[in-house]
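Chemist: Quick one: structure below, then a few questions.
Nothing in this text is a laboratory measurement; each read-out follows from the coordinates by a stated rule. Everything numeric in this text was worked out from a predicted model, so none of it was measured. Note that each Cβ is placed from the backbone with ideal geometry, even for glycine, and that neighbours are counted across all protein chains shown.
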Amino acid sequence: RYVTSYIYIYIHLFISMYAYNSHIYIHTYIYQYWMANICHGLVAFPGGFGTMDELFEIMTLVQTGKHPDIPFVLFGKKFWNTVVNWDCLVEMGTVSPRDVERLYITDDVEDAFKYITSYIDKSETANKPATSAPKN
C-alpha cells in the first residue's frame, strides 16, 4: 500500500509537469477526479490557489461522505498557520472543529510519514471485517 502511494506521487508529478501543461486534461475537474479517486492520503505543501483548490476539494469530499476518510498532512507550519486562519473558520461557523482536527500540520518529513502510515494502519484495522471462528 505504501508503494502505491509512492507510485501515485510519481504519476502526479508526471501529470503536473507534462500532461497537465500539454492540455491532455481539457477540464481541471477531470484531473481532480482522478487525483481524488486514487488518493489514500493527501500531503499539501505551500502553494497558491491550485493547492488550496485540491486540498479543499478532497476535504469536502471526505466531509460529505463521498470519499473515504484519509489523512491530511499540511507541510510547513508557518505557511499554513499564517495563510489560513483555521480558528477563525471554526469561530465563524464555516467549518466544524472536526474538519480542522483532520489536518496534521508539520515541518518534519519523518513525522509526516509516521502520521500517515499509522493513520492508514488504524483505518485498515478498523475496517477489517470480523472473522468467524473456524469450523471443526
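Chemist: Taking 0.36 nm per residue of separation and subtracting the Cα-Cα distance, what length does fully extending residue 118 through residue 51 add?
Modeler: Result for the pair: 21.7 nm of gain on full extension.
Chemist: Then there is this: What is the distance, in nm, between label points placed 7 Å from the Cα along the Cα-to-Cβ direction at residue 100 and at residue 87?
Modeler: Label at residue 100, label at residue 87, 0.8 nm between them.
Chemist: Please work out whether the range 41-126 counts as rounded, prolate or oblate from its C-alpha gyration tensor, where a ≥ b ≥ c are the square roots of the eigenvalues and a/c under 1.5 means rounded, while otherwise a/b larger than b/c means prolate and anything else oblate?
Modeler: oblate
Chemist: Could you rank the peptides 89-99, 113-123 by their average count of other C-beta atoms within 10 Å per residue, with the highest value first? Could the numbers behind the result be given before it?
Modeler: On the way: 89-99: 12.1, 113-123: 14.9.
So the order, starting with the most tightly packed, is 113-123, 89-99.
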